[in-house]
Protein chains: 2
Amino acid sequence: MADLAKLKADLAGIAIEDNPAIVKQKSRDFFWYSPVLKRQLDHVVGDLVVTPKDEAEVIRVLAAAHAHGVAVTPRGAGTGNYGQAMPLAGGIVLNLAEMNKVTAIAPGRVVAEPGVIMAKLDAETRAHSGQELRLHPSTANTASVGGFVAGGSGGVGSIRWGGLRDLGNVIRLRIVTMEASPRTLELSRFDLHKVSHAYGTNGIITEVEMPLAPAYDWVDVLVGFDDWMDAVRYADALGNEDGILTKEIATVAAPAPFDYFLRHQKFLKREQSVVIVMVAPHSLDAFLAFTGREKGEIVFRADTAQDLKGLPPAFELAWNHTTLRALRVDPSITYLQVMYPFPDHQKKVARMTELLGDEVPGHLEFVRFDGKVIPMGLPMVRFSTEERLDEIIRIHEEEGCPIFNPHRYTLEEGGMKQTDDVQLAFKREADPDGLLNPGKMIAWEDPNFDYRAKKTFLFPGLQAAG
Amino acid sequence: MADLAKLKADLAGIAIEDNPAIVKQKSRDFFWYSPVLKRQLDHVVGDLVVTPKDEAEVIRVLAAAHAHGVAVTPRGAGTGNYGQAMPLAGGIVLNLAEMNKVTAIAPGRVVAEPGVIMAKLDAETRAHSGQELRLHPSTANTASVGGFVAGGSGGVGSIRWGGLRDLGNVIRLRIVTMEASPRTLELSRFDLHKVSHAYGTNGIITEVEMPLAPAYDWVDVLVGFDDWMDAVRYADALGNEDGILTKEIATVAAPAPFDYFLRHQKFLKREQSVVIVMVAPHSLDAFLAFTGREKGEIVFRADTAQDLKGLPPAFELAWNHTTLRALRVDPSITYLQVMYPFPDHQKKVARMTELLGDEVPGHLEFVRFDGKVIPMGLPMVRFSTEERLDEIIRIHEEEGCPIFNPHRYTLEEGGMKQTDDVQLAFKREADPDGLLNPGKMIAWEDPNFDYRAKKTFLFPGLQAAG
């Protein structure tokens with residue numbers, strides 16, 4: 001057992017919290033989306049929460065933790081869904097929320113500390129020069145930009161820009177290593193993949209440089225379809241309209257929109273599937289023409305609605321907020337993350353609907369993936385047992401729909417992040433004692449783990465980059 | 001014969017030019033790119049050039065011309081390649097160059113008169129709010145925005161936004177009809193297709209509303225490849241990189257870049273094919289990483305070049321400027337417009353290279369088309385005879401590569417614009433006497449013309465819009 005008293009003494013002057021209730025609260029994220037993770041991780045708790053206010057303090061924390069052999073798990077805003085920020089080995093929860101300054105804004109780019117809330121960052125860049133982040137999760141109002149880079153993959157904006165995995169969607173990361181004398185490293189280009197979506201297992205992000213896109217007054221629209229596959233075809237076609245600028249296109253199968261989008265319920269019909277769209281004002285006319293031709297029923301338009309009071313923005317109906325709203329109404333609901341590969345994606349969606357029906361209510365997020373528009377599934381699952389959940393996963397995989405399993409807390413088992421020799425070598429360099437977020441990288445914990453197994457990963461391994 | 005003296009009297013107060021040399025000059029466009037059109041159209045000349053300064057004068061001109069049964073052919077800057085602005089039936093050349101004001105700029109949109117030069121428009125929107133047109137031809141420094149809408153199809157920016165055919169890439173057009181009492185009509189949504197790329201055959205555009213994109217300081221880069229198909233694969237892959245913001249991606253097969261891009265020759269190797277790229281500064285790092293991995297040799301970068309004096313911008317190496325530069329060195333060169341349909345586009349490019357070799361040097365412009373990245377071919381052709389040119393076209397079509405024939409001056413034969421009942425009905429409404437740019441719409445001239453023939457058109461017919 002490490003000597004926490006000595007560690008605390010070493011951290012004199014840095015904000016430390018060891019009130020058990022607060023430490024417990026800051027040791028959790030949205031892992032409870034998964035009944036499996038809820039069972040596995042509910043007990044997880046760190047020893048203390050340390051809140052550095054700048055990089056110099058991060059360096060002091062890591063040096064001290066290294067000296068005492070104490071684990072450090074970084075935390076942004078704790079909005080991850082897979083225990084990304086949960087300290088499996090106890091130790092320090094490194095709360096980066098106070099490193100929340102936007103440092104520089106230029107055409108097409110922003111430099112910021114990791115703890116800034118994404119909506120706040122967007123407000124600053126919008127006020128400065130009419131710009132905003134290309135991508136944000138549906139939790140933009142509470143999530144931090146560093147947490148998004150370290151634990152996210154894409155979200156609102158991915159229909160235009162792809163995901164965090166894609167070259168160009170992160171420009172630069174500055175990290176601090178976990179060593180006796182922590183170093184700072186500047187990562188760019190393919191090296192970004194060493195840290196993106198690595199849950200802080202190989203360095204603490206202290207600065208991000210992200211690309212910006214123009215900030216428009218996006219118009220929220222909901223389009224109703226009596227038939228689920230009509231909604232899917234419409235959303236797909238809309239995503240392929242090169243001249244219509246959208247930031248979000250999602251489909252949710254009936255009756256979930258009516259049953260779970262309670263604040264919008266007055267606009268919805270229970271038997272209609274819904275397409276959630278954010279469209280640029282200067283593309284609205286073209287969007288309405290397209291939607292009319294495709295026989296979509298506009299059931300809600302934020303620009304002409306009588307009363308928006310109490311209505312969340314459309315993006316808070318999408319991505320993981322779809323699941324969240326479902327969970328609030330029906331706590332037995334969980335979800336999956338599914339890829340429907342191009343070009344047979346529509347057929348695969350239809351097939352899964354046919355095989356699993358209302359046990360797995362459809363929810364698709366249309367994104368650009370390797371240049372093509374495809375639906376990424378975040379289907380809801382009416383959970384019964386872990387065995388049945390695994391069976392549902394197996395059914396998807398057998399039908400050629402890879403699963404990024406949100407019921408696993410390791411990088412590799414989640415399936416998003418491929419570990420390879422380059423990644424492991426970097427871990428040995430940046431965190432030789434394995435003290436950063438221990439337990440999340442199987443290939444590190446278990447030397448016999450075969451990370452070369454063929455499998456679809458969202459964030460590819462680094463060796464291919466050459 | 002119309003009474004031109006009376007017509008002129010009716011136009012008192014409006015700028016009229018009847019100096020034969022000037023009228024001849026203003027009766028021509030870049031039709032001489034085609035040896036076929038050069039033979040067919042070289043004699044074409046109008047009777048007088050009329051230069052209205054505002055919409056009221058346009059209305060007066062059309063009313064007077066209608067009264068006297070005189071044809072009117074609108075002209076922007078005369079940079080079309082198919083005789084779009086050439087007055088086959090003589091009469092008035094309606095020169096819109098003096099209607100050149102930018103009227104309004106807002107986030108994502110601009111309103112302008114038709115005669116404004118696109119580079120000037122971009123300079124104004126850039127100074128106003130860091131915006132620019134989504135699309136422009138390689139002739140942006142001389143071409144007018146109205147001419148682009150009436151006679152163009154896409155260009156620089158199409159890798160991001162598709163073409164003028166796509167919903168959303170024109171927001172609104174205001175036109176004047178050719179009647180005893182000309183009316184003004186506002187067209188939007190699918191009705192835009194009545195006038196887009198119709199060469200002014202069914203209304204004179206007096207105002208355009210176009211979408212804007214952010215104006216970045218695009219970096220010109222040339223990337224060399226020893227193998228033509230390596231260049232093609234690289235360009236295709238770059239176009240599919242969702243996070244790398246480019247405005248232009250073109251490939252030109254060796255030895256054309258060295259032989260024809262004389263001002264850039266010092267950077268080039270004769271045996272290398274070249275990829276022409278415009279990339280956003282905040283994507284440059286990602287672009288360089290990608291290019292390194294793909295083994296592209298950066299032979300020119302405008303941001304680090306020692307001396308840019310005398311170098312044209314990269315977009316003036318692309319689109320029709322590729323042909324123009326080739327023509328200047330070798331006047332026997334002409335070109336074609338080829339579509340290589342997704343997903344077999346690479347194979348088709350390789351096949352045409354194999355079949356036609358150096359007789360048809362490769363030039364591809366990568367664009368988004370129905371949501372997918374494909375190469376649109378503007379291959380150069382070492383012209384021998386019209387019969388061989390037709391044979392080359394047939395070879396393309398037999399291999400599944402539709403041709404938009406730039407050696408035809410009618411809408412239908414050019415293959416860009418589909419005429420249908422809706423289009424014809426609109427022509428009857430907007431130009432009942434057929435006085436607008438006569439001779440360009442076969443379906444109007446020849447009631448027996450079968451416009452229902454199956455063929456690939458860039459601008460689809462209007463009936464599908466429902």
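At-a-glance table
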| read-out | value |
| --- | --- |
| Label distances, nm, B:Phe342 versus same residue in remaining copies, Cβ-directed 7 Å point | 0.6 |
| Exercise: per-residue mean of other protein chain Cβ atoms within 10 Å, A:282-295 | 5 |
| Gain upon complete extension [B:Lys269, B:Ala425; 0.36 nm per residue less C-alpha separation] | 50.7 nm |
| Pseudo-label separations to other copies for B:Asp307 - Cα-to-Cβ vector, 7 Å, nm | 7.3 |
| Convex hull volume per residue for the range A:1-73, taking Cα atoms only, in Å³ | 103 |
| Aspartates and glutamates with Cα under 14 Å of B:Lys372, excluding same-chain neighbours fewer than 8 positions away | A:Asp236, A:Glu241, A:Asp242, A:Asp370, B:Asp166, B:Asp236, B:Glu241, B:Asp242, B:Asp344 |
| Calculated FRET efficiency for the pair A:Glu413/B:Lys295, C-beta based, R₀ 35 Å, to 0.05 | 0.50 |
| Entries in A:Lys101/A:Lys427; A:Lys24/A:Lys417; A:Lys194/B:Lys309; A:Lys194/B:Lys347; B:Lys120/B:Lys295; A:Lys295/B:Lys427 that, when Cα-Cα distance is taken, lie over 31 Å | A:Lys194/B:Lys309; A:Lys194/B:Lys347; B:Lys120/B:Lys295 |
| Added length on full extension, which subtracts the Cα-Cα distance from 0.36 nm per residue, A:Ala67 to A:Ala9 | 19.6 nm |
| FRET efficiency estimate (nearest 0.05) - Cβ-Cβ, B:Gln40 to B:Ala127, R0 35 angstrom | 0.20 |
| Contact surface A-B: accessible area buried, both sides summed, square angstrom, 1.4 angstrom probe | 3400 |
| Chain A: angle of helix A:421-430 to the longest principal axis, Cα-based, in degrees nearest 10 | 50 |
| Whole-angstrom gap from the range A:144-164 to the range A:1-25, using each part's C-alpha centre | 32 |
| Pairwise centroid distance, computed over Cα atoms, of the range A:383-424 with the range B:373-447, Å | 53 |
| Inter-copy separations for A:Ile16, label at 7 Å along Cα-Cβ, nm, ascending | 9.5 |
| Inter-chain Cβ neighbour average for residues B:339-346, partner chain, 10 Å | 1 |
| In degrees, nearest ten, helix B:284-293 long axis to first principal axis of chain B (Cα) | 50 |
| Value of Rg to Rh for the range A:219-398 (Rh from inverse mean 1/r over Cα pairs, i.e. Kirkwood) | 0.96 |
| Degrees between helix B:228-239 axis and first principal axis of chain B (Cα, 0 to 90, nearest 10) | 70 |
| Nonlocal amide H pairs with A:Gln131, under 5 Å, H built at 1.01 Å | A:Arg126, A:Ala215 |
| Over chain B, relative contact order from alpha-carbon pairs under 8 Å, at least 6 apart, % | 15 |
| Of all accessible heavy-atom area on the protein assembly as shown, the percent that carbon and sulfur account for (1.4 Å) | 51 |
| Innermost chain A residue relative to the axis carrying A onto B, by Cβ distance in angstrom | A:Pro214, 2 |
| Heavy-atom accessible area per residue - chain A, 1.4 Å, Å² | 35 |
| For B:Phe369, solvent-accessible area (1.4 Å; no DNA, RNA or ligand), Å² | 30 |
| Per-q log10 I(q)/I(0), the protein assembly as shown, q = 0.04, 0.06, 0.09, 0.10 Å⁻¹ (Debye; single scatterer per alpha-carbon; no solvent) | -0.21, -0.46, -0.97, -1.14 |
| Separation between Cα centres of the range B:220-252 and the range A:235-262, rounded to whole Å | 32 |
| At 0.890 mPa s and 25 °C, Stokes diffusion of the range B:102-214 via Kirkwood alpha-carbon radius, µm² per second | 177 |
| Listing of the range B:146-180 residues, each with accessible area lower by at least 20 Å² in the full protein assembly than in the chain alone (probe 1.4 Å) | B:Arg160, B:Trp161, B:Asp166, B:Leu167, B:Gly168, B:Ile171 |
| Separation in nanometres of the label points that stand 7 Å from Cα toward Cβ, at B:Asn19 and B:Arg388 | 4.2 |
| Shielding by other protein chains, B:242-250, mean Cβ within 10 Å | 5 |
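The values are calculated or read from the model by the stated rules, or taken from the named source; none is laboratory data. Because the structure is predicted, anything quoted here is derived from the model rather than measured. Counting neighbours? That spans all protein chains shown, and the Cβs are built from the backbone with ideal geometry, glycine included. Note: accessible area is taken over every heavy atom of the protein model, side chains too, but ligands, DNA and RNA are not part of it. Shrake-Rupley method; radii C 1.70, N 1.55, O 1.52, S 1.80 Å.
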